[in-house]
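*Asks:* What follows is a single structure, and I will ask about it in a moment.
No lab work stands behind these numbers, since they all come straight from the coordinates. Here the structure is a predicted model, which means the values were calculated and not measured. Quick reminder, even Gly has a Cβ in these numbers, built from the backbone with ideal geometry, and neighbours come from all protein chains shown.
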There are 2 protein chains.
Amino acid sequence: MTATTSLFDPARFEAALEDALTASASLSPRLFAAMRHALLAPGKRLRPQLVFAAGALSQAPVEALTPFAVAVELIHTYSLIHDDLPAMDDDALRRGRPTVHVAFDEATAILAGDALQALAFETLAITPELTLEQRMRLVGLLAHAAGAGGMVGGQALDIEAERFPSTAAPESDALTALEQLHRGKTGALIEAAVIGGALCGPKVKRTLLETLAPLAAQLGLAFQIVDDLLDATSDAATLGKTPGKDARQGKQTFVTLLGERVARERLRTLQRQIDAAIATLGRDAAPLATVARQVIERDR
Amino acid sequence: MTATTSLFDPARFEAALEDALTASASLSPRLFAAMRHALLAPGKRLRPQLVFAAGALSQAPVEALTPFAVAVELIHTYSLIHDDLPAMDDDALRRGRPTVHVAFDEATAILAGDALQALAFETLAITPELTLEQRMRLVGLLAHAAGAGGMVGGQALDIEAERFPSTAAPESDALTALEQLHRGKTGALIEAAVIGGALCGPKVKRTLLETLAPLAAQLGLAFQIVDDLLDATSDAATLGKTPGKDARQGKQTFVTLLGERVARERLRTLQRQIDAAIATLGRDAAPLATVARQVIERDR
């Protein structure tokens, strides 16, 4: 297989998720069922695909990429369960299925998220396919991206912006504040997927990481702008989750702040920057180009 | 300092907790305040003390024990925040302070718990005081203890026993089921504290771990029986949390199942077993003997 083809195999990846889940040895069958309900729902697996695409740039073998991609998807899935809770975004539909607190109950949803987070780090810690040093860097990278300085911190800012609008930034700074919020909420994990994927390779050049870091940040921002556009313009059947939620909750998004036209312009600019960066990476970047296109052109 | 004195220094440990929290670089000041509210409330720090006491048995230096003890306390604190949520035990008082969802709000409480869990693994991953192999074993040990096969799994069983009593075990198996539940809910983290503390040493004998494993399990069980006795017989001012909750929620506990007299007998038996095991460990076990006594004789 040449590096121009992604090593990501959807069926094998689903099996790897299932294996990781089984390894959790849940004491409670109900908790296990809730974790499974969320994790094995039909997801796009964008972040795992990014892990594999970035891994192609450092010649990382599929065996080394899989546990990290699984860990990233475990973190992402736990965050969806918690974000959907009644105390947070209060959503009933996710990945085309009832959310965990609807299909089970709120306590089980909180615990299923908690257990998936722990499982992400356990999966990384015990994998023999990565060196000790790789595992350690990946645990640190993923934990930081998932925590108060990344994903959870961004989600907290999102909730606060909605509930305490009086503390929000003045209009002129609103765009900067929104970018900061999403750099944490969705960007941090996307960036960790890209950087971490590259770190799974046997030898990682510093120049590669220096190209990937801004590229991953641009990709994370593009992802969020697409999300906001879809929320404003799509329907539940296509999305697999409830659309129009941002407007109803009075949330500031790139669409409410910039308008649809300017948001699309911003997206096109990001796309040009991403394409330019990818072009410098040679033919090993073909899988990354494919996933980047998928991030931007997706309809759900 | 001889090994008969514990290396655990309460003031230095509180400072280490504060340092770890600051390192989380929270994007949201409100989230940071909620994490701090829970983490720096006056706690007994029993699990960190166990880490240090077990570490004395493998000549672990204080610099190596601190990051692991911090990680254990971060996990414990996050679990308290989530257990107290309205959807779980719905408690308003913890460590003598309003619980996080009361002092802040429910969304912030969920996120503060989530961020503290991530921070535990980040803290362990980046500490230079432990070898790569030690860090990796500790991440795996702690993640497993915290997850569906340990603490979260036990909490799920606890919630289920309360809400779906019809699915509970028949009377004859009720004690076994209760022990299993608590082996996860409180035992797993106590066991991880003891085993992990020993693993922080430069050279860890297999025979030491073989003695510590059953001892730690007995200590975890003793801890829970004391907890149940205190809930049945103490007051809020002494406990720093709401007493009498188990009875009101119709929970099965060692007291409701065995009666107070038999529960106390069971506790004395465990204490004798623990003392006997500790006696085989020589004078380096003096700190462990002290903490074990504290676990059993505490009044909160």
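*Asks:* Looking at chain A, do any whole DSSP H helices span at least 24 angstrom along their long axis by alpha carbon and average 0.0 or above on Kyte-Doolittle, and which? Let's see the in-between values first.
*Replies:* Working: long enough: A:62-83 (31 Å, 0.87); A:106-126 (30 Å, 1.13); A:206-233 (40 Å, 0.76); A:260-279 (28 Å, -0.63).
Result, helices passing both filters: A:62-83, A:106-126, A:206-233.
*Asks:* Mind listing the long-range amide H neighbours of A:Gly150? Cut-off is under 5 Å, sequence gap 5 or more, other chains count too, H placed in the peptide plane at 1.01 Å from N.
*Replies:* Excluding prolines and chain starts, which carry no amide H, the hits are B:Leu27.
*Asks:* Considering the options B:Ala92, B:Ile278, A:Ser24, tell which one lies farthest towards the positive end of the dipole of the protein assembly as shown, charges being +1 on Lys and Arg and -1 on Asp and Glu at the Cβ, about the Cα centre.
*Replies:* B:Ile278
*Asks:* Between B:Thr280 and the same site in the other copies, what are the distances in nm, shortest first, taking label points 7 Å from Cα along the C-beta direction?
*Replies:* Nearest first, the other copies' label points are 6.3 nm away.
*Asks:* What distance in nm lies between label points placed 7 Å from Cα along the C-beta direction at A:Glu179 and B:Lys44?
*Replies:* So the two model labels end up 5.1 nm from each other.
*Asks:* Same structure, new question: Under the rule of at least 5 residues apart or a separate chain, name every residue whose amide H is placed under 5 Å from the amide H of B:Asp90.
*Replies:* Amide H to amide H, under 5 Å and 5 or more residues apart or across chains, B:Asp90 pairs with B:Leu85.
*Asks:* Is the range A:10-297 rounded, prolate or oblate when judged by the Cα gyration tensor, a ≥ b ≥ c being the square roots of its eigenvalues, rounded requiring a/c under 1.5 and prolate requiring a/b larger than b/c?
*Replies:* Oblate shape, in that a/c is at least 1.5 and b/c is the bigger or equal ratio.
*Asks:* Determine, from the Cβ-Cβ distance of A:Asp9 and A:Glu129 and an R0 of 25 Å, the FRET efficiency 1/(1 + (r/R0)^6), rounded to the nearest 0.05. Walk me through the numbers before you get to the answer.
*Replies:* Working: r = 16 Å, r/R0 = 0.63.
Plugging the Cβ-Cβ distance into 1/(1 + (r/R0)^6) gives 0.95.
*Asks:* Let me ask something else. Once both labels are modelled 7 Å past Cα along the beta-carbon direction, what's the B:Asp19-B:Ala33 spacing in nm?
*Replies:* Once both label points are built, they end up 2.7 nm from each other.
*Asks:* If you put a point 7 Å past Cα along the Cβ direction, how far is that point for B:Asp19 from the same point in each other copy, in nm, smallest first?
*Replies:* Ordered by distance, the counterparts are at 3.9 nm.
*Asks:* Now for a separate question. According to the square roots a ≥ b ≥ c of the eigenvalues of the Cα gyration tensor, what is the shape class of the range B:23-178, taking rounded for a/c under 1.5, prolate for a/b larger than b/c otherwise, and oblate for the remainder? Can you show the working numbers first?
*Replies:* On the way: a/c = 2.07, a/b = 1.24, b/c = 1.67.
Cα axes put the range B:23-178 in the oblate bin.
*Asks:* Using only atoms on other chains, find how many Cβ atoms lie within 10 Å of each Cβ of peptide B:155-164 and report the average. All intermediate terms of the calculation are to be shown ahead of the outcome.
*Replies:* On the way: counts 8, 15, 6, 2, 8, 7, 0, 1, 3, 1.
Averaged over the peptide's residues, the number is 5.
*Asks:* Quick one: compute the contact order of chain A, relative version, from alpha carbon pairs under 8 angstrom and 6+ residues apart, as a percent.
*Replies:* Values: 430 pairs, mean separation 72.1, N = 300.
Taking the mean separation of contacting Cα pairs over the length of chain A, I get 24 percent.
*Asks:* Something else: Please report, for A:Pro165, the nm distances (one decimal) from its label point, 7 Å out from Cα along the beta-carbon direction, to the equivalent points in the remaining copies, shortest first.
*Replies:* Spelled out, the distances from A:Pro165's label point are 4.7 nm.
*Asks:* If a/c stays under 1.5 just call it rounded; otherwise compare a/b with b/c (prolate if a/b is bigger, oblate if not). Do that for the range A:87-220, with a ≥ b ≥ c from the square roots of the Cα gyration tensor eigenvalues.
*Replies:* Values: a/c = 2.55, a/b = 1.23, b/c = 2.07.
Because a/c hits 1.5 or more and a/b fails to exceed b/c, the range A:87-220 counts as oblate.
*Asks:* Another question about this same structure. Which is farthest toward the positive dipole end of chain B among B:Leu142, B:Val194, B:Leu39, measuring Cα position about the Cα centre, with Cβ charges +1 (Lys, Arg) and -1 (Asp, Glu)?
*Replies:* Of the listed residues, the answer is B:Val194.
*Asks:* Going by how many other beta carbons lie within 10 Å of each one, how would you line up A:Thr131, B:Thr211, B:Thr123, B:Thr176, fewest first?
*Replies:* Working: A:Thr131 13, B:Thr211 18, B:Thr123 24, B:Thr176 10.
By the 10 Å Cβ count, ascending, the order reads B:Thr176, A:Thr131, B:Thr211, B:Thr123.
*Asks:* Report, in debye and to the nearest 20, how large the dipole of the range A:10-297 comes out about its Cα centre when Lys and Arg carry +1 and Asp and Glu carry -1 on their Cβ. Mind dumping the intermediate values first?
*Replies:* Values: 28 positive and 34 negative charges, 151 e Å.
Dipole of the range A:10-297, to the nearest 20 debye: 720 debye.
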